[in-house]
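Only one structure is covered here, and it is reproduced in the block below.
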Amino acid sequence: MPTRRRAALILAALLVLALASFWTALAAGSIPIAARDVLAALSGQDTPSADIVRELRLPRALAGFACGGLLALAGALMQVLLRNPLADPYILGVSGGAGVCALLAILLGLPALGVNGLAFVGAFGAMLLVFGLAHGDGSWTQMRLLLTGVIVAAGCGALISLMLAIAPEDRLRGMLFWLTGDLGQSGSSWPPLLALAITLALAMPAARELNLLARGAMQAQSLGVAVNRLRHAIFLLASLATAASVTTAGSIGFIGLIVPHLVRLAAGNDQRLLLPASALAGGALLLLADTLARTVIAPQQLPVGVLTALIGVPVFLLLLSRQPR
């Protein structure tokens, strides 16, 4: 089968999966909604369940798809940048910085807008701190960047533990839900959707250079790739994508680490296919996990980050066990 045809089939299959996940997110919940009522609500008709679809589930589904896509895309970029299969969007401390400021906002009793705003400030501040410390005197290696990010993340983790220890009981549940991911407070869906579109639009033209960088910096540089500039662009792009997701939905683990691996097992390591396929697969996975989080013990909700791990770990292990040694 020709490579282009295979790539088109993979993207089409992932698009169908994403649409099915999106439809499930609109129809399922503590109040199940029939297919005809979902269509009527989306077409603008007034039905008894129209407000549930348009005001509650549609914005949440759009935000969930965008956040999942951002995390998977950022994870794919980080794994190329660091040439480390264990790299994920949170490895360089962006999530830790967002967590420190978000939990501080919750402790202070700020509204959702204040929590999201401070979370973005913390994520952006952690990104600048890691970049500045890792860059140092101008030399920047993958190991130096990785170690700097891990140390900053560890420091943020210590501050988060301290705030959880001193938090009053009435704030503790909200803080824990934020740390494990919560799309219930996502608010507007257009910021993460816009961030996903911009990240993809900026990353795709560099896909060929990313393929060369994945083989090694020396080889990429010998073939004409501006390695330092490309590394800076990848770090900035992946960090901002992670910040947009964390600001919207809190810290949702696993997706940025495992989804790029799953896509590589199915589609190979060509970044021209891997990047858009990871975005589609990550969005679909987070949508399915959030739907389960809303319905398993409805009307109560589970932390969506727990569900992403419970869904993805056995799938990844099953696929990995079927690969030749």
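Bear in mind that the values in this text are calculations on the coordinates, not laboratory data. The structure presented is a predicted model; accordingly, all values stated were derived computationally and were not measured. Don't worry about glycine lacking a Cβ; one is built from the backbone with ideal geometry, like all the others, and counts go over all protein chains shown.
List of remarks:
- Share of alpha-carbon pairs per 10 Å distance bin for segment 171-233, given as whole %: 18, 29, 20, 22, 11, 1
- Listed by Cβ neighbour count within 10 Å, with the fewest neighbours leading, 43, 239 appear as 43, 239.
- Sites residue 133 and residue 188 - FRET efficiency at Förster radius 22 Å, r taken between beta-carbons, to 0.05: 0.05
- Kirkwood hydrodynamic radius of the chain, Cα pairs, Å: 20.3 Å
- HN-Hα J in Hz across segment 27-39 - Karplus 6.51, -1.76, 1.60, θ = phi - 60°, x for Gly and Pro: 8, 8, x, 4, 10, x, 10, 5, 4, 5, 6, 5, 4
- Along segment 81-93 the Karplus relation, 6.51 cos²θ - 1.76 cosθ + 1.60 evaluated at θ = phi - 60°, assigns HN-Hα couplings of 4, 8, 6, 9, x, 8, 5, 9, x, 9, 5, 9, x Hz to successive residues, with x for each Gly and Pro.
- Measuring between their Cα centroids, segment 183-243 and segment 21-66 lie 32 Å from each other.
- Estimated dipole of segment 147-255 in Debye, rounded to 20 [Cβ of Lys and Arg +1, of Asp and Glu -1, Cα centre]: 400 debye
- Within a Gaussian network of the chain (alpha carbon springs, distance under 10 Å), most fluctuating of 68, 283, 122: 122
- Value at 222 nm in deg cm²/dmol, rounded to 500, when DSSP H runs of n ≥ 4 in the chain each add -39,500 (n - 2.57): -25000 deg cm²/dmol
- Across segment 119-131, coupling constants 3J(HN,Hα) worked out from phi with the 6.51/-1.76/1.60 Karplus curve, θ = phi - 60°, read 4, 5, 4, x, 5, 5, x, 5, 4, 5, 5, 5, 4 Hz, and Gly and Pro carry x.
- Volume in Å³ per residue [convex hull over Cα atoms, computed for segment 58-193]: 109 Å³
- Value of relative contact order over the chain, rounded to a whole percent, pairs C-alpha under 8 Å and six or more apart: 31 percent
- Here the residues 198, 258, 311, ranked from fewest to most Cβ neighbours within 10 Å of their Cβ, fall in the order 198, 311, 258.
- Remark: spin-label model distance residue 147-residue 11 equals 4.1 nm, labels positioned 7 Å along the Cα→Cβ axis.
- Residue among 98, 200, 253 farthest towards the positive dipole end of the chain, charges placed on Cβ: 200
- For the pair residue 113 and residue 43, the difference between a 0.36 nm per residue extended length and the Cα-Cα distance amounts to 22.2 nm.
- Largest GNM mean-square fluctuation across 158, 18, 214, computed for the chain with C-alpha springs under 10 Å, falls on 158.
- Projecting the alpha carbon convex hull of segment 7-72 along each direction and taking the average yields 5.2 nm².
- For the chain, built as a Gaussian network whose Cα springs stay under 10 Å, the top-fluctuating residue of 227, 100, 152: 227
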